[in-house]
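One structure is given here, and the rest of the page talks about it.
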Amino acid sequence: MLLKGFAVLKKRLVGVVTVRNGWAVQSFGYRQYLPLGRPEVLVENLDRWGADEILLQCIDRSHHEAGPDLDLLERVSRRGLATPLIYAGGVRNVDDAIAVIKTGADRVCVDALLHESPITLQTLAKKLGAQAIIASLPLSIGGRGESLWLDYRSGQLQVLTPEVVEILDSGFVSEVLIIDWVHEGRPVAFDRRLVARFPASHVPLIAFGGLSEASQMRQLLEVDRVSAVAVGNALNYREHNISKLKAALIEQQLRPHLIKCSR
């Protein structure tokens, strides 16, 4: 488990594939979208190009109460990925999370479940182990400097409750994915206050949204509790972007870039 002390041997670069209506999309603040193609192809590209981990996020599943996209996970699994896979989208309960892992994901990322029943994470950790669970939190900074949590199903913002903060700090999740949803899709725009002011203090953080330049990622990776940066749009178009970023961030203890042969 990546818990108290943040003893992470190597920090990571996570490639993100965003899926809406079954298709991979380029997302801008989760409000505007450009089609990119079949998600399993983009996942395979990130695997071949050298991402340390891949996040496959289906952003419309919970909104439609559709459950996880297990058909998509099966198609991705048949690609024979060498890179660990995180799945997010539509996880409503423990059974859904178990089905996601059985279908081929290495870890599961939960969001709506935190709104509905944060205590369920305790049961989930007992079933799968905390190392397999990531909490996803779309956040912004309020007028008084507080962290505001977006429920993307309703569009409502709320301050993180003490119950949720306690759950996150109690060892039931391995990491928290902090999503700067306001700046997602915009280059060099991640709000570092989201990391600095995050109220749970004992859980490593993955930063995502508005990340595109190595200098920006370096500043985040220099923070002890930041275990990874996650990048979506900036990795979709150029095969060598991952290797260039890793070369620029080599002093941040990123795992070395390994060239993978095409299948």
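The values are calculated or read from the model by the stated rules, or taken from the named source; none is laboratory data. In this text the structure is predicted, and so the values were computed from the model without any measurement. We place every Cβ from the backbone using ideal geometry, glycine too, and count neighbours over all the protein chains shown. Protein only, heavy atoms only, side chains kept; ligands, DNA and RNA dropped before computing areas. Shrake-Rupley method; radii C 1.70, N 1.55, O 1.52, S 1.80 Å.
Please verify whether region 31-42 includes one or more residues that are modelled with pLDDT of 90 or more, over 18 Å from A66 (Cβ atoms), under 17 Å from the mean Cα position of the chain (by Cα) and not charged (D, E, K, R).
Yes, region 31-42 contains a residue that is modelled with pLDDT of 90 or more, over 18 Å from A66 (Cβ atoms), under 17 Å from the mean Cα position of the chain (by Cα) and not charged (D, E, K, R).
Scan region 133-159 residue by residue and report those that are in contact with a Phe, Trp or Tyr (Cβ under 9 Å, 6 or more places away or on another chain) and modelled with pLDDT under 90.
Y152
Name the residues in region 133-166 that are in a helix (DSSP H, G or I) and open to solvent by less than 10 Å² (accessible area, probe 1.4 Å), would you?
Matches in region 133-166: V164 only.
Of the residues that make up region 168-180, is at least one assigned to a helix (DSSP H, G or I), closer than 27 Å to L13 by Cβ and open to solvent by 60 Å² or more (accessible area, probe 1.4 Å)?
No; the residues of region 168-180 include none that is assigned to a helix (DSSP H, G or I), closer than 27 Å to L13 by Cβ and open to solvent by 60 Å² or more (accessible area, probe 1.4 Å).
Pairs, please: C-beta under 8 Å, at least 6 apart or cross-chain, first residue touching a residue at least 60 places away in the same chain (Cβ under 8 Å) and of a type in the set (F, W, Y) and in region 142-157, second surrounded by 13 or more Cβ atoms within 10 Å (Cβ to Cβ) and not in a loop (DSSP other than H, G, I, E, B)?
If the second residue must be surrounded by 13 or more Cβ atoms within 10 Å (Cβ to Cβ) and not in a loop (DSSP other than H, G, I, E, B), the pairs left are Y152/P138.
Which ones in region 210-250 are under 20 Å from P84 (Cβ atoms) and either among the hydroxyl-bearing types (S, T, Y) or assigned to a loop (DSSP other than H, G, I, E, B) (or both)?
Those that are under 20 Å from P84 (Cβ atoms) and either among the hydroxyl-bearing types (S, T, Y) or assigned to a loop (DSSP other than H, G, I, E, B) (or both): L211, S227, G232, N236, S243, L249.
Identify all residues within region 180-225 that are closer than 19 Å to I242 by Cα and of a type in the set (K, R); write none if there are none.
R186, R218
Against the definition (within 26 Å of G185 (Cα to Cα), open to solvent by less than 40 Å² (accessible area, probe 1.4 Å), not in a loop (DSSP other than H, G, I, E, B) and not acidic (D, E)), how does L36 come out, yes or no?
No: the conditions fail for L36.
Inside region 181-213, can you point out the residues that are closer than 19 Å to D52 by Cβ and surrounded by fewer than 16 Cβ atoms within 10 Å (Cβ to Cβ)?
E213
Can you name the condition, by its number, that A88 falls short on among (1) within 24 Å of A207 (Cβ to Cβ); (2) in contact with a helix residue (DSSP H, G or I) (Cβ under 8 Å, 6 or more places away or on another chain)?
Tallying (1) within 24 Å of A207 (Cβ to Cβ); (2) in contact with a helix residue (DSSP H, G or I) (Cβ under 8 Å, 6 or more places away or on another chain), A88 fails exactly one: (2).
Listed residues N241, N233; which is closer than 18 Å to G29 by Cα, at pLDDT below 90 and either touching a Leu at 6+ places or on another chain (Cβ under 8 Å) or not aromatic (F, W, Y) (or both)?
Going through N241, N233 in turn, the sole match is N233.
Report, by residue number, each residue of region 41-54 that is assigned to a helix (DSSP H, G or I) and open to solvent by less than 10 Å² (accessible area, probe 1.4 Å).
V43, L46, D47
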